[in-house]
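Contents: one structure, followed by commentary.
The values are calculated or read from the model by the stated rules, or taken from the named source; none is laboratory data. Note that the coordinates shown come from a computational prediction; the quantities given were computed from them, not determined experimentally. Ideal geometry is used to build each Cβ from the backbone, glycine not excepted, and the neighbour counts take in all protein chains shown. Accessible surface is based on the protein model in full, side chains and every heavy atom, while ligands, DNA and RNA are left aside. Shrake-Rupley method; radii C 1.70, N 1.55, O 1.52, S 1.80 Å.
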Amino acid sequence: MAQQLITNDDLRGLRVLGGKNGTSNIGKVRRMVFHPRERRVVGFIVKRPDLMLMFHRKDLFVSLQGYDMVDGRVVVRQTPDACDKGACKALGIDWDSCVMWEGMPLMTESGDTLGMVGTVTFDRNTGAISTVEADAGATANTLLGKRVIPASLIKGFRRGIGVALADQHDASAEQDEEEIEYGAILVSDEAKQLTAEGSVAEKAGAATAVAVDKVNRTVKPAVANAAKATTQAVGKGVSAVGKRAVETKDAFSGFKDEYRKARGASEGASSSSTKAASSSGKVVAKASNAAKKPAPEKKNMFAAFKEEYDKARHGDE
């Protein structure tokens, strides 16, 4: 049979139905009942409502194998071994020896107290305990977290230590001071080395991890996209500058060609100083005229860079 883990918190407070048709309201689940020697749950106590709100009714014991779950409610089976004496006989237990662990202290073999028995996780089919959670109180649980103790470190119930066992079976029962017994759940000293879960520090670390993950998933891609857009913008701007540079190059080439032609013509002319000066003046004039034609293109070279850069930054084509 497959293991089906549930907790005492899952059952506590659930409405319990019974009767011939399984529709009569019997009461609500109050507490789990544990085997006197073994580490397992044997059933639970059902708190029955008072008759006419005046007469107290005795609590009902229901075996772990004596009920079914129907629409989120506990329905007691109509069999002799489902509850009370018939259930105890079928389980082979003495009712007066059974123990209710919830709220009992968890004590180590060396005498240290780790807290009280809180949430108990167990197998729905066999009752075998899987883990016990040490409850140290709301404030301590928030600051320090809760220690979850596996079944392998739980020794079981021990008498003579811990707290008084009064009110174990019936809330109306009264015991003389001399008859009060003490008990606790004994655990191995190794349980002290277990790391508490759910502390403030652990939650803060988890929050930090979530924040880092969000940065990795949102901020970093945004930065990468911005860098990519900037790179593309710069690339388009450089391309525009290169285009203008090629056009400007032709202007200087024209200046050079005109200068050579004029100089060649001057070398074949008279060597007089007047003619030389005139020839030199013509060289410079022709070269200047050749360079003046593409001047507007040269002037607009950096303006084109800015225009292309701005378009790329704003997503324009």
Within the range 125-160, of all residues that are of a type in the set (A, V, I, L, M) and at pLDDT below 90, the one most open to solvent (accessible area, probe 1.4 Å) is 144
Scanning the range 1-38 for residues that are touching a Phe, Trp or Tyr at 6+ places or on another chain (Cβ under 9 Å) and open to solvent by 60 Å² or more (accessible area, probe 1.4 Å) gives 5, 12, 30, 37
When (1) under 35 Å from the mean Cα position of the chain (by Cα); (2) free of Cβ contacts under 8 Å to residues at least 60 places away in the same chain are applied to residue 52, the one that fails is (1)
In the range 90-112, anything of a type in the set (D, E, K, R), surrounded by fewer than 12 Cβ atoms within 10 Å (Cβ to Cβ) and closer than 17 Å to residue 64 by Cα is listed as 94
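Limited to the range 65-83, what total is found for residues that are of a type in the set (A, V, I, L, M) and modelled with pLDDT of 95 or more?
As a first pass, look at the range 65-83 and keep what is of a type in the set (A, V, I, L, M): 69-70, 74-76, 82.
Next, from what is left, pick out any that are modelled with pLDDT of 95 or more: 74-76, 82.
So the answer is 4.
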Among residues of the range 73-87 being surrounded by 14 or more Cβ atoms within 10 Å (Cβ to Cβ) and without any contact (Cβ under 8 Å) to a residue 12 or more places away in the chain, the residue nearest to residue 22 (Cα to Cα) is 77
